[in-house]
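Enquirer: Let me begin by handing over the structure; questions about it come next.
The values are calculated or read from the model by the stated rules, or taken from the named source; none is laboratory data. Worth saying up front: this structure is predicted, and the values here are computed from it rather than measured. Cβ placement follows ideal geometry from the backbone for every residue including glycine, while neighbour counts extend to all protein chains displayed. Accessible surface is based on the protein model in full, side chains and every heavy atom, while ligands, DNA and RNA are left aside. Shrake-Rupley method; radii C 1.70, N 1.55, O 1.52, S 1.80 Å.
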Amino acid sequence: MSLPVAVLISGGGSNLQSIIDKTEQGILDVDIRMVLSNRAGAYGLVRAEKHGIPTATLNHKDFGSREEFDSEMVRILKDAGVEAVVMAGFMRIITPVFLNAFPGRVINIHPALLPSFAGVDGQGDAAEYGVRLAGCTVHFVDEKMDHGAIIIQCAVPAYPGEDVEELRKRILVQEHRVLPQAIQWLATGRLSMHGRFVRLDESSIPAAPADCTILVNPPLEQGF
Ligand code: GRF
């Protein structure tokens, strides 16, 4: 049986699209019951509608507190039969009111290698810092921003002085791979959380080739 999920968005929804596409291709065992945005006019809502997925818009500014906003989200998602929640570009911190409604079943994608560069502009902050490796992280959500236990990370190279938009794009391509992968692991019950550690049942994963296990940028010269 497919896992009934909701996807929370605030913007363009390209990560949402990657989830929709992999679901329609039969690679991802989820049933997207609802796409919820805190911003009216978010293009991700149009993407959902094009695929016949129910949508909801809930403006956080219409609520007196984060808790009130979260409990209305919970009501809507529970009504839709949602059991797990994917935050895909959803730019809000959620409270225990929300987390307690879906314990161990809320995940988020962040466009940086956490714990570096948490916050609203992970890619911009990494570029400005001059990192040589940037990337993205999918993690379980807790009450602190971009903080919960890490499920998967992917690194990409960063180059001095490059246009941050180039870095953003390079990271986004990988976001579209690792987020659906993490969702599939969740949907098939292969993740278990032990404090900060997330264990993956790796029985069906092929061993990574040796040259896949490290990433160095700039590349090492011969002999090093
Ligand atoms: C992504 O980079 C996501 O990691 C970040 O916001 C961006 C949203 O992109 N939090 P999209 O809406 O999925 O296109």
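Enquirer: Kindly rank 52-65, 133-146 from highest to lowest mean number of other beta carbons found within 10 Å of each residue.
Expert: Values: 52-65: 13.1, 133-146: 20.8.
With the highest mean Cβ count within 10 Å placed first, the list reads 133-146, 52-65.
Enquirer: Moving to a separate point now. With a 1.4 Å probe and all protein chains kept in place, how do 165, 128, 175 rank by accessible area, largest first?
Expert: Sorted descending by solvent-accessible area, the residues read 128, 165, 175.
Enquirer: Still on this structure, please answer the following. Given the options 38, 112, 157, identify the residue whose Cα lies farthest towards the positive end of the charge dipole of the chain (+1 on Cβ of Lys, Arg; -1 on Cβ of Asp, Glu).
Expert: 38
Enquirer: For the chain, with all protein chains present and a 1.4 Å probe, just round the carbon and sulfur fraction of the accessible area to a whole percent. Before the final figure, lay out the partial values.
Expert: Working: 6170 of 11610 Å².
Whole-percent figure for carbon plus sulfur exposure: 53.
Enquirer: Here's another thing I want to ask about it. Where Rh is the Kirkwood radius over the Cα pairs of the stretch 109-224, the temperature 10 °C and the viscosity 1.306 mPa s, what D in µm²/s does Stokes-Einstein return? It would help to have the intermediate numbers written out before the result.
Expert: Values: Rh = 15.4 Å.
Once the numbers are plugged in, D ends up at 103 µm²/s.
Enquirer: Can you give me the Rg/Rh ratio for the chain, using Cα atoms for both radii and the Kirkwood formula for Rh? Before the final figure, lay out each step's value.
Expert: On the way: Rg = 17.8 Å, Rh = 18.2 Å.
Ratio value, two decimals: 0.98.
Enquirer: Still on this structure, I have one more. Might you report the magnitude of the Cβ-based charge dipole of the chain about its Cα centre, with Lys and Arg at +1 and Asp and Glu at -1, to the nearest 20 debye?
Expert: On the way: 20 positive and 27 negative charges, 62 e Å.
Here the size comes out at about 300 debye.
Enquirer: Sticking with this structure for a sec: So what is the relative contact order for the chain, in percent, with contacts set as C-alpha pairs under 8 Å and at least six apart? Mind showing how you got there, number by number?
Expert: Values: 395 pairs, mean separation 39.4, N = 224.
Answer for the chain is 18 percent.
Enquirer: Taking 8 Å as the Cα distance limit and 6 or more residues as the minimum spacing, I'd like the relative contact order of the stretch 91-224 as a percentage.
Expert: Numbers: 182 pairs, mean separation 28.7, N = 134.
It comes to 21 percent, rounded to a whole number.
Enquirer: For residue 78 and residue 221, compute 0.36 nm times the residue count separating them, minus their Cα-Cα distance, and round to one decimal in nm.
Expert: On the way: separation 143, 0.36 × 143 = 51.48 nm, distance 5.52 nm.
Once the chain is fully extended between residue 78 and residue 221, it gains 46.0 nm.
Enquirer: What number comes out for the charge environment of residue 3, summing +1 per Lys or Arg and -1 per Asp or Glu over other residues with Cβ under 14 Å away?
Expert: Numbers: positive: 22, 33, 105, 190; negative: 29, 31, 83.
Computed value for this residue: +1.
Enquirer: What is the Cα radius of gyration of the stretch 1-103 over 2.2 N^0.38 Å, N being its residue count?
Expert: Working: Rg = 12.9 Å, N = 103, 2.2 N^0.38 = 12.8 Å.
So the stretch 1-103 has a normalised radius of gyration of 1.01.
Enquirer: Work out the length of the dipole vector of the stretch 99-224 about its Cα centre, built from +1 on the beta-carbon of each Lys and Arg and -1 on the beta-carbon of each Asp and Glu, and round it to the nearest 20 debye.
Expert: Working: 10 positive and 15 negative charges, 101 e Å.
For the stretch 99-224, the charge dipole is close to 480 debye.
Enquirer: So for the chain, if I pair up every lysine 8 or more residues apart or on another chain, how many of those pairs have alpha-carbons under 28 Å apart?
Expert: So the count of such lysine pairs works out to 10.
Enquirer: Could I ask something else about it? Between the stretch 176-200 and the stretch 1-25, what's the alpha-carbon centroid distance in Å?
Expert: Centre-to-centre (Cα) distance: 16 Å.
Enquirer: Same structure again: Solvent-accessible area per residue for the stretch 1-48 at a 1.4 Å probe radius, Å²? Could you put the intermediate results ahead of the total?
Expert: Details: 1790 Å² over 48 residues.
Per-residue value: 37 Å².
Enquirer: Which ³J(HN,Hα) values in Hz, rounded to whole numbers, follow from the phi angles of the stretch 3-20 under the Karplus curve 6.51 cos²θ - 1.76 cosθ + 1.60, where θ = phi - 60° and Gly and Pro get x?
Expert: Taking θ as phi minus 60°, the curve returns 6, x, 10, 10, 10, 9, 9, 10, x, x, x, 5, 5, 4, 4, 5, 6, 4 Hz for the stretch 3-20.
Enquirer: Would you mind checking which residues have amide H under 5 Å from residue 106's amide H? H placed 1.01 Å from N; only 5 or more apart, or other chain.
Expert: Correct list: 85, 141.
Enquirer: Here is a further query. With a 1.4 Å probe and every protein chain left in place, work out the accessible area per residue of the stretch 109-224 in Å², rounded to a whole number.
Expert: On the way: 6860 Å² over 116 residues.
I get 59 Å² per residue for the stretch 109-224.
Enquirer: OK, next. Of 152, 214, which has the most accessible area and how do the rest follow, probe 1.4 Å?
Expert: Details: 152 35, 214 115 Å².
Solvent-accessible surface, decreasing: 214, 152.
Enquirer: At 222 nm, what value in deg cm²/dmol follows for the chain if DSSP H runs of at least 4 each add -39500 (n - 2.57) and the sum is divided by all its residues, to the nearest 500? Walk me through the numbers on the way to the answer.
Expert: Details: 6 runs with 69 residues, N = 224.
The per-residue figure over the chain is -9500 deg cm²/dmol.
Enquirer: Something else about it: Got a sec? Charge dipole of the chain, +1 on Cβ for Lys and Arg, -1 for Asp and Glu; which of 135, 17, 220 is way out at the positive end?
Expert: 17
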